[in-house]
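To keep things clear, I will list the structure first and then write my remarks on it.
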Amino acid sequence: MTKASIEELVALAKAAAASAADNQERFAAIDIEARKIVDIMENFLRIKGRVVYGGAAINAHLPPATKFYDPNLYLPDYDFMTPDPLQDCADLITTFQADGFDDVEAKFGIHEGTYKIFVNYRAAADITFMPPEVYRRIISDAAMIDGIRYASVNFLRMNMYLELSRPAGDVSRWEKVYKRLILLNDVKPLRAGHCVTNPLERLGAAEDTDTDNSSEHDELFWRITEAGIAANAIFLSGLSLLRDIEPNQDDPILLLTDKPTALIDTFVGMDIKPQYFPAIGELLPARTEFYRKRAKGTKDTKVTKPVAVVFETVACHAYTTLKEPAGYRLGSLDLLIQMYYAMYFAELQSYVSVRLLCLIQELIELDAERRASAATKNSYDGPDVFPLDCIGHQPSLPELKKAHRERVRAKRNELIKALRLQTDFVARPTRKPKRKQPLA
């Protein structure tokens, strides 16, 4: 008898563990109490119209043949976004208590702006705050499926590219996330509509640029670029360099840095005017736009584009280093797709001269081509396929737990007060609506 290797023996245990976990989920699906909790949650979502995201939303967009959750065998976990999380927590507690559940509690999630609802010690919902101005955009893009609003394919895609753009994050999820991304891109590819030919090339410099003060304009462009390179910042613009074409100097230079104060001070020294914008929830990090100062006596009221935008890192963001210009750190394709999607939802089209969705569509296609090529060659080419170099601090689990504990201490009374709100809201069961096809 041949002796099995350690790897082969461990593979047996891994397969058995996967089967055991699958059985546990199937048993939970036929648990009467668990099923009732899910039914109440679904009624709540139908009545309040909140937007579901995460795995349940991805699964809802997929056709039956490609779903990774069978609704008859597995109970969904509902993550939803809301502009009013405390009121929703109070309404859910009222609803579950009205249906006979005594042990219902709301807790702070581990991330800022997140909350969890537990019913009889079972996780019932994950709730995420979304600023009202962004929520309105997300809800307008959402798909109504079986009476429940699910985040659009574009929003879900953005979140998956976000995970793949953070190599110092929870990379144990990459395999699952990437598989779901492939499924979603295959079934629901981005269709941006009418687009210019070769959007990346259109971001390149025009051959016959004729603008006022062009030499001064060119000088400022290269001074900003050189300062970004010297600061080891990540460039989110200059995408035409992927096609070996010089960038269009009329578009803002977009940068991502873990040392914003130093870079901002450098730009201020170039006599350009800064304007700060706080983070837009978890969607887009804090940023500072820079504008040319108007000459004294001018009355030009025309809205001008910024010459540069500096974003602040919120994690460790991936990049690749180009050969030319030397030291130029261009965001990984995953990061570029995620950030341009964020700009799309934040309605910052003015940052690029090509329609954002058209640009994103070409980046997604380029990303897929590179990975398909690497797969057929059976070779892993890190810099082009899954870049691992990154800048910015990625909060560790202990750091997240510490911040969570401090947040609980600081906001505990706020949560208690909110949960004592007098609310007459009860999500009574409603007739299940006819199934609708997901929107594109």
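The values are calculated or read from the model by the stated rules, or taken from the named source; none is laboratory data. Just so you know, these numbers come straight off a predicted model, no measurement behind them. Reconstructed Cβ throughout: ideal geometry from the backbone, glycine too, with neighbour counts over all protein chains shown.
Filter region 175-199 for residues that are under 17 Å from Q338 (Cβ atoms), in contact (Cβ under 8 Å) with a residue 40 or more places away in the chain and hydrophobic (A, V, I, L, M, F, W, C) and give the result.
The answer is L184, L190, A192.
Return the residues of region 343-384 that are small (G, A, S) and either over 21 Å from A142 (Cα atoms) or buried (at least 22 other Cβ atoms within 10 Å of the Cβ) (or both); say none if nothing qualifies. Walk me through it before giving the result.
Within region 343-384, the subset small (G, A, S) is 346, 350, 353, 368, 372-375, 379, 382.
Matches in region 343-384: S350, S353, A368, A372, S373, A374, A375, S379, G382.
Take Y115 and tell me if it is among the aromatic types (F, W, Y) and exposed (fewer than 15 other Cβ atoms within 10 Å of the Cβ). Talk me through it step by step, then tell me what you get.
On the way: among the aromatic types (F, W, Y): yes; exposed (fewer than 15 other Cβ atoms within 10 Å of the Cβ): no.
Considered against the rule, which asks whether it is among the aromatic types (F, W, Y) and exposed (fewer than 15 other Cβ atoms within 10 Å of the Cβ), Y115 comes out as no.
Output the strands (runs of 3 or more DSSP E) that fall wholly within region 224-327 and possess 3 or more residues being assigned by TED's automatic domain parsing to the domain that holds R370 and crowded, with 20+ Cβ neighbours inside 10 Å, or say none. Lay out the reasoning, then the answer.
Working: elements: 253-257, 272-277, 287-292, 308-312, 317-321.
By residue number, 253-257, 287-292, 308-312, 317-321.
Listed here are the residues, each with its yes/no results for (1) more than 22 Å from the chain's Cα centre (by Cα); (2) buried (at least 18 other Cβ atoms within 10 Å of the Cβ); (3) hydroxyl-bearing (S, T, Y); (4) in the same structural domain as T320 (by TED's automatic domain parsing).
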site	(1), (2), (3), (4)
M160	no, yes, no, no
S165	no, yes, yes, no
W174	no, no, no, no
F221	yes, yes, no, yes
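So which residues in region 72-91 are more than 26 Å from the chain's Cα centre (by Cα) and either among the charged types (D, E, K, R) or closer than 12 Å to A418 by Cα (or both)?
Those that are more than 26 Å from the chain's Cα centre (by Cα) and either among the charged types (D, E, K, R) or closer than 12 Å to A418 by Cα (or both): A90, D91.
Counting just the residues of region 318-352 that are small (G, A, S) and in contact with a strand residue (DSSP E or B) (Cβ under 6 Å, 6 or more places away or on another chain), which one comes out farthest from A231 (Cα to Cα)? Lay out the reasoning, then the answer.
Applying the first criterion (small (G, A, S)) to region 318-352 yields 318, 326-327, 331-332, 342, 346, 350.
If we keep only those that are in contact with a strand residue (DSSP E or B) (Cβ under 6 Å, 6 or more places away or on another chain) too, we end up with 318, 331-332, 342, 346.
Numbers: A318: 16, G331: 15, S332: 18, A342: 24, A346: 27 Å.
It comes out as A346.
Which residue pairs have Cβ atoms under 8 Å apart, sit 6 or more places apart or on different chains, and have a first residue in region 298-318 that is more than 26 Å from G331 (Cα to Cα) and a second that is charged (D, E, K, R) and modelled with pLDDT of 95 or more?
none
Which residues, taken from region 318-342, are over 20 Å from F267 (Cβ atoms) and within 15 Å of the chain's Cα centre (by Cα)?
A318, S332, L333, D334, L335, L336, I337, Q338, Y340, Y341, A342
Return yes when R407 is at pLDDT 70 or above and either in contact with a Phe, Trp or Tyr (Cβ under 7 Å, 6 or more places away or on another chain) or surrounded by fewer than 15 Cβ atoms within 10 Å (Cβ to Cβ) (or both) and no when it is not.
Numbers: at pLDDT 70 or above: yes; either in contact with a Phe, Trp or Tyr (Cβ under 7 Å, 6 or more places away or on another chain) or surrounded by fewer than 15 Cβ atoms within 10 Å (Cβ to Cβ) (or both): yes.
Yes: the conditions hold for R407.
Right, D102: farther than 14 Å from L419 by Cα, among the charged types (D, E, K, R) and in contact with a helix residue (DSSP H, G or I) (Cβ under 8 Å, 6 or more places away or on another chain) or not? Steps first, answer last, please.
Working: farther than 14 Å from L419 by Cα: yes; among the charged types (D, E, K, R): yes; in contact with a helix residue (DSSP H, G or I) (Cβ under 8 Å, 6 or more places away or on another chain): no.
So D102 does not fit the description; no.
For region 46-57, does any single residue satisfy the condition of being crowded, with 19+ Cβ neighbours inside 10 Å, hydroxyl-bearing (S, T, Y) and under 26 Å from A106 (Cα atoms)?
Yes, the conditions are met somewhere in region 46-57.
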